[in-house]
1. Taking Glu192 and the conditions (1) loosely packed, with under 14 Cβ neighbours inside 10 Å; (2) more than 26 Å from Tyr52 (Cα to Cα); (3) not polar (S, T, N, Q), which numbered condition does it fall short on, given that it satisfies the others?
2. Could you please find all residues in region 173-186 being buried (at least 19 other Cβ atoms within 10 Å of the Cβ) and either of a type in the set (D, E, K, R) or over 10 Å from Thr96 (Cα atoms) (or both)?
3. Of all the helices (runs of 4 or more DSSP H) wholly in region 53-162, which have at least 1 residues that are assigned by TED's automatic domain parsing to the domain that holds Ser178, of a type in the set (Val, Ile, Thr) and modelled with pLDDT under 85?
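The values are calculated or read from the model by the stated rules, or taken from the named source; none is laboratory data. Bear in mind the structure is a predicted one, so any value in this text is a computation, not a measurement. Counting neighbours? That spans all protein chains shown, and the Cβs are built from the backbone with ideal geometry, glycine included.
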Amino acid sequence: MMGTQSRSNQDQADQTKFGLTETDPKILMKRAKEGETEAFESLYRMYYLPVYRYIYLRVKNREETEDLTSTVFLKVYYSLDKYQERNREILAYFFTVARNCVIDHWRKKKEVSLNSRFLFIPLTDGQDGPEEKILKDEKAASVRQAIQSLNEVQQEVVILKFISDLSNREIAQVISKSEEAVRQIQCRALKELKEKLKSLGVV
């Protein structure tokens with residue numbers, strides 16, 4: 001919670017520094033569409049880390065992640081004139097573009113399945129002793145294995161919900177499904193995860 005507060009304060013400080021104090025993403029998007037470069041720069045600072053982290057979880061390569069993240073923001077920027085809100089959350093829109101970029105990335109590599117890469121979920125804060133670190137590393141490996149046992153859509157929902165912190169409504173917009181469908185997918189995924197982790201001796 002404190003980390004989120006610090007990032008929020010930093011974003012506001014950056015916006016003041018660059019002469020822009022608006023923090024509502026929808027207003028910033030509207031201004032960016034009207035040609036205000038500073039508004040898009042604010043969106044860039046606001047969403048770079050969430051987009052970067054989401055992509056990294058899917059491609060697991062820092063150089064490719066940096067390239068794809070840049071591609072996402074370039075795609076959004078050069079299509080601003082075509083953007084229509086349609087009651088869509090701005091963050092969900094960025095994640096939709098990011099998701100499509102990742103799919104295109106694997107398609108170009110002739111690896112359409114997004115299940116071909118391991119997920120990375122850090123469970124240690126770096127302050128543990130060697131015994132605790134080994135235990136947490138083993139748990140992280142088990143969690144990765146459990147998540148990879150899910151189908152592609154379930155993996156997507158778990159990542160967006162519990163790692164990217166999107167709401168069910170935002171997830172629904174990203175994967176083009178209803179909120180009820182997202183809720184059902186999430187429930188099934190969590191049930192399967194619990195059973196898999198139990199079989200692995202984690203829970």
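1. (1)
2. Correct list: Val182, Ile185.
3. By residue number, 130-148.
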